[in-house]
Every structure is written in structure tokens, then in C-alpha cells.
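Heads up, the thing below is written out as C-alpha cells.
Rule-based calculations on the coordinates, nothing more; no lab input. Here the structure is a predicted model, which means the values were calculated and not measured. Note that we place each Cβ from the backbone using ideal geometry, even for glycine, and neighbour counts take in every protein chain shown.
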């Protein structure tokens, strides 16, 4: 690549695109390619910028992301596409951008030119579920159920406007369950990446705060393939993610509710790009939770981390990790 990596953000006006743009403000190793505002939807101009770039970030709806990939010239062997949409996450020719899951995921990001950024809910779910299945703690047919609470920033510009309007509707002041038909768009990658035999039951909730997410999975220990306690399961996660600076497992002792003052706040990692995994419960019923910023490790932070891996840079470059 050139001295300065040429970056184009297709869809830079959305929440994820703006966050990615912000992360480049203090970096002198990249050159941003800007599209004229009146040509944002012009396919020919987008084609020029995509093919000029070393890395193009797609922050678009699925159909537009698929179209953008088709704009890469047939003889272009240098442009890397990092797609934040749902469109390519389960395609085998695309790398799945969650490198901490195991070495194969990181290697595929490093060596590939097509990288799919995971969905925010799916990121939390797979960080919990993948070690359970890969280490034989849970069988592939374990009936997994997951809940998730997110700030409204993940719902897109139209929803953000509704939540921040002066005449906000009364129901927006309370948590709201959605995807009630069990057809959430992240379910496909939850199943495919974790190794489950079927999609999990999933209850997402959006609430009246801007940013932050907590994804939680309850487990019946008698249904698991191996006998575990909260302490043993915590040690498994600590071993699986050993050396990973973006995923921190709470130290032993936090399985006791009093160590957390009885509550887990979903906005505790607002503004950060790392994740905290917490194991609580007892010998009969265990709760595993992952909390992070839905716009950080759940979106733009993950995209930048993948770019850093691809460029051979320290993965934390331009990102914010907790102490």
C-alpha cells in the first residue's frame, strides 16, 4: 500500500459512517477520499472512488452494499472492502470481522480483501456462544435464548430523530421489545458463526438512552454437555480470550451479585471499543453477559480494528480501550 492508505467511506452520512470518519481525525497515516454531496448516489463517481481507494468502508443498506461491491473493477486486485451491512456476513468467501473468536477468524481478516463487520447483537452473542460450542460446553442443539438491551443510536437516523424530538411519543420513554416475530436480521449470523444447529430465541430491547449495549444468555447447567459452575465457566472464557485486549473477562468473584451492587448497566462502555464479559448465577442457572458500545465494538470500532489487522498495524490504533 502507499505511504498513506487511501480510504473511501461509502455511506459516510449515517451513524456508523460518521463514527468511522471521526476515528480518522487524528490519524496521519490515512488519506480520506471524499465524494461530492450531490454525487453521493452517483454510481459512476462511487465506482471511481472505490477503485481508487486502498480500503472502502460500506455503511449502507444491504442492497446498496451489494451494488457497491459490484462496482469494483474486475482487474482491481488492491481494494479491500469492509462492509458494515448485513449483506455478506455469512458468505464463506467473506471474512467475519470478529478476530477474537479464534486464530482462523483473524487470519482470514488479515489475508482477505472482503471483510464483513459483525452486527452489534450478533457480536455479543457470538462472543458468548462460540466458546461454549467450540469447547464442547454446549452441544450445537442446545436451546439458546438471548436477550439484549441497546441504546437507540443503533436504530438509525430516523429512529434517533424520533427519540430526540421535542414532541417525543410517550412510548419512547420506556424500554421497547421488538423483532417479535423472531426474524431479526442478525439471527442468521448468530447461528452460522456460533455453530448452532438452529437459530436462538432472541429478545432485543431498545431503550431511551443513546449508546451502549448488554447482551445476556441464561444457561441451565443440567442441559449443558459438561458440568460447569460460574467459576469454571468464567475460567473458560478467560482462557479462550487470553491475550485479547478488546475482550476482558471479569475476575473471579463477580459471580456474586453483591460485587456488582446488584445491577449491570448497559451503558457502562459508552465511548469505548472493548468488551466486558461477566459470568454470574449459581450451580443451577448461569447468566453470561457481554457489555460494550453498540457503535464501538458493535460497529465502527470493529470496522477500524479489522482495517488495522489488514494493514498490519497494532489493532488498537485509533481506538479507545478501557484501563
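Separation between the residue 70 and residue 36 pseudo-spin-labels, each 7 Å from Cα along Cα→Cβ, expressed in nm?
2.5
Which distance in nm do the two modelled labels at residue 320 and residue 110 give, with both placed 7 Å along the Cα-to-Cβ direction?
Going by the 7 Å Cα→Cβ label model, 2.9 nm.
What value, in deg cm²/dmol to 500, does the helix sum -39500 (n - 2.57) over DSSP H runs of n ≥ 4 give at 222 nm once divided by the residues of the chain?
Mean residue ellipticity, 222 nm, calculated: -8000 deg cm²/dmol.
Could you order peptides 313-319, 95-101 by the average number of other Cβ atoms within 10 Å of their residues, highest first?
Descending mean neighbour count gives 95-101, 313-319.
Using only the Cα atoms of the chain, build the gyration tensor, take square roots of its eigenvalues as a ≥ b ≥ c, and label the shape rounded, prolate or oblate: rounded if a/c is under 1.5, else prolate if a/b is larger than b/c, else oblate.
Cα axes put the chain in the prolate bin.
Can I get the semi-axes of segment 270-323's equivalent ellipsoid? Compute them from the C-alpha gyration tensor as square roots of 5 times the eigenvalues, in angstrom, largest first.
Working from the Cα gyration tensor, I get semi-axes of 28, 11, 9 Å.
How much of the calculated P(r) for segment 120-294 lies past 21 Å, in percent of all Cα pairs?
Here the long-distance tail beyond 21 Å is 49 percent of all Cα pairs in segment 120-294.
Counting DSSP beta bridges with both partners in the chain, what percentage is antiparallel, nearest 5?
Taking every DSSP beta bridge within the chain, about 45 percent pair in antiparallel fashion.
What's the center-to-center distance, using Cα atoms, between segment 92-162 and segment 268-323 in Å?
So the two Cα centres are separated by 11 Å.
Please give the peptides 24-34, 58-68 ranked by average Cβ packing (other Cβ atoms within 10 Å per residue), highest first, as a rough proxy for protection.
58-68, 24-34
So for each of 104-112, 126-134, 45-53, 295-303 I average, over its residues, the number of other beta carbons within 10 Å; can you give me the resulting order with the highest mean first?
So the order, starting with the most tightly packed, is 295-303, 126-134, 45-53, 104-112.
Nearest 5 percent is fine: what portion of the DSSP beta bridges confined to segment 120-294 is antiparallel?
The antiparallel proportion sits near 65 percent.
Quick one: Kirkwood hydrodynamic radius for segment 140-228, alpha-carbon pairs, angstrom, one decimal?
That comes to 14.8 Å for segment 140-228.
Using alpha carbons only, how many degrees (0 to 90, rounded to 10) separate the axis of helix 301-311 from the longest principal axis of the chain?
60
Once you place label points 7 Å from the Cα toward the Cβ at residue 232 and residue 178, how far apart are they in nm?
Between residue 232 and residue 178, the simple spin-label model gives 4.0 nm.
Multiplying the sequence separation of residue 188 and residue 265 by 0.36 nm and subtracting their Cα-Cα distance, what value in nm do you get?
Value of the extension gain: 25.0 nm.
Which order results if 80, 205 are arranged by neighbouring Cβ count within 10 Å, fewest first?
Going from least to most buried by this count: 205, 80.
Before anything else, pin down the relative contact order of the chain: Cα pairs under 8 Å, at least 6 apart, normalised by residue count, whole percent.
Computed over the chain, the figure is 18 percent.
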